[in-house]
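The values are calculated or read from the model by the stated rules, or taken from the named source; none is laboratory data. Keep in mind the model is a prediction, meaning the values are calculated, not measured. Here the Cβ positions follow ideal geometry from the backbone for every residue, glycine too, while neighbour counts run over all protein chains shown.
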Amino acid sequence: MDKYTGNTVSKLPFTGTSIFAVMSALAKEHNALNLSQGFPDFPISEELIKLVHSYMRKGHNQYAPMPGVLSLREGISEMFEKKYKVNYHPETDITITAGATQGLFSTIAAFIRPGDEVIVMEPAYDSYGPAVTLQGGMVKHAKLQAPDYSINWETFPGLITGSTRMIILNSPHNPTGTVIKAEDLKKLELLLRNRDILILSDEVYEHLIFDDLIHESICKYPALASRSLIVGSFGKTFHATGWKCGFVLAPAQLTAELRKVHQFVVFAVNTPVQLAISDYLKNPDNYLHLHSFYQEKRDKFLKLIKGSRFKAIPASGTYFQLLNYGNISKEREMAFAERLVKENKIASIPVSSFYQKQEDNKMLRFCFAKTDETLEKAAEILCRI
């Protein structure tokens with residue numbers, strides 16, 4: 001058989017393996033404590049596992065409807081109506097996706113054309129840029145202001161041009177743990193008036209928000225909601241990241257375009273998990289108190305490392321905490337993160353990986369969605385450095 005010897009021209013020539021995969025592999029190689037990739041190391045709900053199993057045993061193992069199991073879409077609609085007083089119609093406005101990343105990718109693929117510009121807040125989750133590039137779009141970076149990683153409203157408007165097609169928001173924000181405020185969305189509302197610009201709002205950590213802060217979902221602002229697609233994640237909410245089950249909410253005309261792509265990316269998401277989650281959502285206590293659960297973990301982690309040389313501003317949301325190591329080393333973030341794995345047996349994510357130009361601020365991201373035992377081991381290591 002002839003062997004193909006032609007040239008393969010990469011569509012993503014400057015994109016390597018995801019930093020999450022790199023650091024997790026390094027952690028495994030060196031038998032290090034893995035606080036890099038964002039996944040819990042504690043069990044998920046036994047009730048939820050039993051529900052999935054029961055639906056498998058009942059024979060619900062074939063294709064779900066392309067937009068998702070209707071009872072789950074109805075459950076999401078009810079959840080948003082109760083929490084935010086908004087109405088997303090289960091039939092026309094809600095689509096179940098194979099995790100949030102697929103929802104993000106399919107949304108970008110549905111709306112971004114060659115030459116379109118997409119504004120992304122930087123540091124940014126690493127899937128946004130490559131998805132835009134694959135569609136022939138151009139990413140423009142709006143740098144968030146340290147130390148609180150707030151939007152710079154003096155420079156942001158200057159990024160908008162006649163080619164701007166989409167703005168990607170993320171709150172609570174990965175990797176910084178900050179949250180968008182009401183005044184931010186009011187300013188955005190004014191800025192986008194009479195402009196044909198879409199918003200892709202990544203809200204996968206909506207239930208993980210601390211210190212009595214309120215999640216300012218884009219859906220609460222009608223003028224923004226009418227042009228927005230909101231991405232959510234049950235993997236994040238129910239500690240089951242490996243199940244890859246998320247959703248996208250959007251007005252009917254936007255949802256129709258999203259589904260044109262969605263049907264050819266995955267067609268449908270696994271059936272028994274959807275049915276189980278639809279049952280599990282019927283009890284609001286299963287998601288309404290998550291903020292308290294994770295705030296306790298954040299507070300415990302910060303208390304345990306109080307005697308270390310790392311500096312922290314408590315995360316306002318997500319299950320990630322940034323730590324500044326400027327008092328410890330002048331090494332670049334990637335070098336220091338690698339050394340922590342190899343010499344100290346603890347893995348984190350260098351925040352420079354979330355910047356286009358690998359901006360170095362001596363910041364590492366640690367996941368605190370871990371058992372108390374894991375957090376205690378991690379703190380013991382960090383306090384020795």
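Below is a table of values for the structure above.
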read-out: Checklist (1) without any contact (Cβ under 8 Å) to a residue 24 or more places away in the chain; (2) more than 25 Å from residue 218 (Cα to Cα); (3) small (Gly, Ala, Ser); (4) touching a Phe, Trp or Tyr at 6+ places or on another chain (Cβ under 8 Å) applied to residue 45, failing item; value: (1)
read-out: Qualifying residue in region 191-201 (condition: touching a residue at least 60 places away in the same chain (Cβ under 8 Å), hydrophobic (A, V, I, L, M, F, W, C) and under 29 Å from residue 136 (Cβ atoms)); value: yes
read-out: Of the criteria (1) surrounded by 23 or more Cβ atoms within 10 Å (Cβ to Cβ); (2) free of Cβ contacts under 8 Å to residues at least 40 places away in the same chain, which one residue 172 fails; value: (2)
read-out: Given (1) under 23 Å from residue 346 (Cβ atoms); (2) of a type in the set (Asp, Glu); (3) not in a loop (DSSP other than H, G, I, E, B), index of the condition residue 74 fails; value: (1)
read-out: Residue count, region 129-158 (criterion: surrounded by 15 or more Cβ atoms within 10 Å (Cβ to Cβ) and farther than 27 Å from residue 211 by Cβ); value: 12
read-out: Top-ranked residue of region 328-371 - restricted to ones that are outside any helix (DSSP H, G or I) and acidic (Asp, Glu), ranked as surrounded by the most Cβ atoms within 10 Å (Cβ to Cβ); value: 360
read-out: Which listed residue is hydroxyl-bearing (Ser, Thr, Tyr) and under 15 Å from residue 248 (Cα atoms), from 55, 88; value: 88
read-out: Residue that is farthest from the chain's Cα centre (by Cα), among those in region 176-190 that are of a type in the set (A, V, I, L, M) and surrounded by 15 or more Cβ atoms within 10 Å (Cβ to Cβ); value: 188
read-out: Only listed residue being at positive phi and at pLDDT 95 or above, chosen from 184, 202, 196, 211; value: 211
read-out: Residue count for region 1-42, restricted to those that are surrounded by 13 or more Cβ atoms within 10 Å (Cβ to Cβ) and either in a loop (DSSP other than H, G, I, E, B) or under 19 Å from the mean Cα position of the chain (by Cα) (or both); value: 17
read-out: Scope region 129-143; condition on the phi < 0 side of the Ramachandran plot and in a loop (DSSP other than H, G, I, E, B); matching residues; value: 135, 137
read-out: Failed item in (1) crowded, with 20+ Cβ neighbours inside 10 Å; (2) of a type in the set (Lys, Arg); (3) not assigned by TED's automatic domain parsing to the domain that holds residue 102, with residue 311 passing the rest; value: (1)
read-out: Residue list for region 110-128, restricted to those being surrounded by fewer than 20 Cβ atoms within 10 Å (Cβ to Cβ) and not in a loop (DSSP other than H, G, I, E, B); value: 122
read-out: Matching residues in region 91-103 - criterion: being crowded, with 18+ Cβ neighbours inside 10 Å and either more than 20 Å from the chain's Cα centre (by Cα) or part of a strand (DSSP E or B) (or both); value: 93, 94, 95, 96, 97
read-out: Check on residue 106, crowded, with 23+ Cβ neighbours inside 10 Å and assigned by TED's automatic domain parsing to the domain that holds residue 252; value: yes
read-out: Search result, residues across region 314-327 that are surrounded by fewer than 16 Cβ atoms within 10 Å (Cβ to Cβ) and over 23 Å from the mean Cα position of the chain (by Cα); value: 326, 327
